[in-house]
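One structure is given here, and the rest of the page talks about it.
What follows is calculated from the coordinates using simple rules that are stated; it is not laboratory data. Owing to the predicted nature of the structure, the values given are computational and were not obtained by experimental measurement.
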C-alpha cells in the first residue's frame, strides 16, 4: 500500500468514526476483523486505527478475539471539523 493510500485510509476511518459518533449518540463503534494475520486489507485498517489512537484522535482497544472498540475523541472531532 502506498503512503498516499495509507493516509487516505486513516482519514476515511476518522471521518467514519466522526459520522458514527454523530448518528449513535456518542457510543463507541464495534469493529470485527476476521483474520488480522493473513488479510492484508484488515491489517492496514487495524494499523490505521492504531495510528489514529497514537495521535490521540480516537480511543481504540481490544474487546476480545478480533473484536475492537473505536471511539473518536473530542480532539478527533475538532480535527475533522477543522478539515471540512
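Structure notes:
- Size-normalised alpha-carbon gyration radius of the chain, reference 2.2 N^0.38 Å: 1.05
- Relative contact order of the chain, pairs being alpha-carbon contacts under 8 Å that are 6 or more residues apart, as %: 33
- Across region 37-84, the relative contact order, built from alpha-carbon pairs under 8 Å that are at least six residues apart, equals 26 percent.
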